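Report on the following structure.
The values are calculated or read from the model by the stated rules, or taken from the named source; none is laboratory data. Nothing here was measured: the structure is a model prediction, and the numbers come from that model. Counting neighbours? That spans all protein chains shown, and the Cβs are built from the backbone with ideal geometry, glycine included.
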Amino acid sequence: MVKENRLWHNFFSVIISIYCLITVILFVIVFVSSFRPAEEIFKSIWTIPRKIILDNYLYLIRNRFFIYFWNSILVTVGSIVAILFLASLASFGLGKFKFKGSQLVLGFFLLGVMFPAQVGIVPMFNIVRTLQLGNSLIGLIVIYASQLSIPVFVLTNFLKTIPDSIIESAKIDGAGTFRIYWKILLPMFQPAIGAMIPLTAVGLWNDLFFPLIFLASKEKWTMPLGVLTYYSGRNGSFQLAKFGIAFAAVSISVLPMLILYVFGSNKIIDSITEGAIKQ
């Protein structure tokens, strides 16, 4: 049995290693190609650039890229804060309050895992228009903040591992419900929240669908929508001459999520270890 488990472990390790190697190779190709002239990209993509140019990055500076970059940061950070705050409140109610239908409410949240958010695009659009939040980053944050299914599920299960005696002791000391949540439970949420931030951030950062629907002004566009325009013409067709610009935009757009994973992974592991030791 031990030998069989070791074989499966080695098998999956090889598969994951191959997948990671392919990902790194593709990223290196994109990054190196961002310094190539357009005519050289499809001639010698596997070789060192004959001529290194910065024209692709200069084009981004002159054509709104960092406006798109900043908009993506605002939307991603604002949405993560809203999602985790609302999900932690919902998890507090579902995990520590006993009431009829609590499992039904939790199941309602989990329905969001079964059905993609795009299914409800028409009512979402009507709600945003009624609230007069169309073509605004705030409206986009409101849409993203409604995607609570996985965060509620993860935080609720994590909260169930926290002993009820902690809450009872706080009540005896005179702490109110919100104070218990804010001062006691929210700090204990840190390991789960630390694990949810990268998972949530990547989906928000790379999303193209909702910005395409809700944002009309170029000044409000997020980065995926902006990158799309760098390698497409007015009629939406791909232009080979713009692929170097698109590669430069993709190279920069990957950096925030890469930094989040590289420097955030250690903190996540440390938080989980710290929580385990405390318990």
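At-a-glance table
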| read-out | value |
| --- | --- |
| Filter result for Pro163 (exposed (fewer than 14 other Cβ atoms within 10 Å of the Cβ), free of Cβ contacts under 8 Å to residues at least 24 places away in the same chain and either within 19 Å of Ala192 (Cα to Cα) or over 26 Å from the mean Cα position of the chain (by Cα) (or both)) | yes |
| Unique match (being aliphatic (A, V, I, L, M), in a helix (DSSP H, G or I), modelled with pLDDT of 85 or more and touching a helix residue (DSSP H, G or I) at 6+ places or on another chain (Cβ under 9 Å)) among Ile25, Ile16, Ile29 | Ile29 |
| Among (1) surrounded by fewer than 17 Cβ atoms within 10 Å (Cβ to Cβ); (2) in contact with a Leu (Cβ under 8 Å, 6 or more places away or on another chain); (3) in contact (Cβ under 8 Å) with a residue 24 or more places away in the chain, the one test that Ile150 misses | (1) |
| Members of region 139-148 that are outside any helix (DSSP H, G or I) and either hydroxyl-bearing (Ser, Thr, Tyr) or under 23 Å from Trp221 (Cα atoms) (or both) | Ser146, Gln147 |
| Extreme residue, surrounded by the most Cβ atoms within 10 Å (Cβ to Cβ), among residues of region 91-122 that are part of a helix (DSSP H, G or I) and of a type in the set (Phe, Trp, Tyr) | Phe92 |
| Condition check for Phe65: without any contact (Cβ under 8 Å) to a residue 40 or more places away in the chain, under 23 Å from the mean Cα position of the chain (by Cα) and at negative phi | no |
| Restricting region 54-91 to residues that are among the β-branched types (Val, Ile, Thr) and touching a helix residue (DSSP H, G or I) at 6+ places or on another chain (Cβ under 8 Å), the residue that is nearest to Trp205 (Cα to Cα) | Thr76 |
| Residue match in region 129-138 (condition: aliphatic (A, V, I, L, M), touching a helix residue (DSSP H, G or I) at 6+ places or on another chain (Cβ under 6 Å), in a helix (DSSP H, G or I) and modelled with pLDDT under 90) | no |
| Top-ranked residue of region 213-254 - restricted to ones that are out of contact with any Gly (no Cβ under 9 Å at 6 or more places or on another chain), at pLDDT 80 or above and outside any helix (DSSP H, G or I), ranked as surrounded by the most Cβ atoms within 10 Å (Cβ to Cβ) | Thr222 |
| Odd one out for Arg179 among (1) assigned to a helix (DSSP H, G or I); (2) under 30 Å from Leu133 (Cα atoms) | (2) |
